[in-house]
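Working notes, structure below.
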């Protein structure tokens, strides 16, 4: 019996990490490798595009055995260099909340929702399943935040880092976590560091290296989840 993977990524550029894996056989809607059937879903950038595309796909197809979200990310943590591939185990909607006289409160801190209402635990979303356990020896686990506006200033960086103590930042991760958890779909996320979260300077970014390294890591693990 085939093991079905839904591979979710935001852009065609990020999808290259999957396409470059040697030995994948192109089939309608995706690829095949051994007993794995991999469906590629390119959602578009950001939480709204990801939510619509992922829910639309789920409503029209049988649930996969594993949903895998992969792409690039910015790093808050100097431990993770540009090109490193990491595995988010926790995520949150870091800019969903209210401002109160200069302070930022999350939705749960503002009393607008319960911090422990499923699928949240203390305001965070977690990926903790057997697939994460298998990957921990191969890929460093990290804490992630998801934002609607990519951070590009020292002030915003410092506020988010102080509030959430995250290692990386993306624009889609928490949405993927939330929908997969609500739909009871086992899921795994991988991100390759393309840049530091700092004053925006594209000359310091290396998306090509991030995609190359992500592809190499995917090549190592793509047949593990059987």
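The values are calculated or read from the model by the stated rules, or taken from the named source; none is laboratory data. Only a predicted model underlies this, so the values are computations on that prediction, with no experimental measurement involved. Cβ atoms come from the backbone with ideal geometry, glycine included; neighbour counts cover every protein chain shown.
Just a few scattered comments:
- Hits in the stretch 111-136 (condition: part of a loop (DSSP other than H, G, I, E, B) and in contact with a helix residue (DSSP H, G or I) (Cβ under 9 Å, 6 or more places away or on another chain)): 118, 119, 120, 127
- Taking the stretch 54-65 as the range and being surrounded by fewer than 21 Cβ atoms within 10 Å (Cβ to Cβ) and in contact with a strand residue (DSSP E or B) (Cβ under 9 Å, 6 or more places away or on another chain) as the test, the residues that pass are 57, 58, 61, 62, 63, 65.
- Residue that is nearest to residue 146 (Cα to Cα), among those in the stretch 90-105 that are in contact (Cβ under 8 Å) with a residue 40 or more places away in the chain, out of contact with any helix residue (DSSP H, G or I) (no Cβ under 6 Å at 6 or more places or on another chain) and assigned to a strand (DSSP E or B): 90
- Checked against (1) touching a residue at least 24 places away in the same chain (Cβ under 8 Å); (2) surrounded by 18 or more Cβ atoms within 10 Å (Cβ to Cβ); (3) in contact with a strand residue (DSSP E or B) (Cβ under 7 Å, 6 or more places away or on another chain), residue 77 passes all but a single condition, namely (3).
Per-residue answers, yes or no, for (1) under 26 Å from residue 56 (Cβ atoms); (2) loosely packed, with under 13 Cβ neighbours inside 10 Å; (3) in contact with a strand residue (DSSP E or B) (Cβ under 8 Å, 6 or more places away or on another chain):
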residue	(1), (2), (3)
121	no, no, no
133	no, yes, no
137	no, yes, no
189	yes, no, yes
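- Candidates 143, 157 - the one that is crowded, with 17+ Cβ neighbours inside 10 Å, within 19 Å of residue 81 (Cβ to Cβ) and more than 18 Å from the chain's Cα centre (by Cα): 157
- Residues of the stretch 54-70 classified as in a helix (DSSP H, G or I) and touching a helix residue (DSSP H, G or I) at 6+ places or on another chain (Cβ under 8 Å), total: 3
- Scanning the stretch 144-160 for residues that are farther than 14 Å from residue 93 by Cα and part of a loop (DSSP other than H, G, I, E, B) yields 152, 153.
- Residues of the stretch 1-48 classified as in contact with a strand residue (DSSP E or B) (Cβ under 8 Å, 6 or more places away or on another chain), in contact (Cβ under 8 Å) with a residue 40 or more places away in the chain and farther than 19 Å from residue 213 by Cα, total: 10
- Taking the stretch 1-53 as the region of interest, the strands (runs of 3 or more DSSP E) fully inside it that hold 1 or more residues being at pLDDT 90 or above and either touching a helix residue (DSSP H, G or I) at 6+ places or on another chain (Cβ under 6 Å) or surrounded by 13 or more Cβ atoms within 10 Å (Cβ to Cβ) (or both) are 3-9, 30-33, 36-42.
- Meets criteria (modelled with pLDDT of 95 or more, closer than 22 Å to residue 108 by Cα and touching a helix residue (DSSP H, G or I) at 6+ places or on another chain (Cβ under 6 Å)) for residue 175: yes
- Pairing residues of the stretch 52-72 that are without any contact (Cβ under 8 Å) to a residue 60 or more places away in the chain with residues that are assigned to a loop (DSSP other than H, G, I, E, B), at Cβ distances under 6 Å and at least 6 apart in sequence or on separate chains, gives 53/43.
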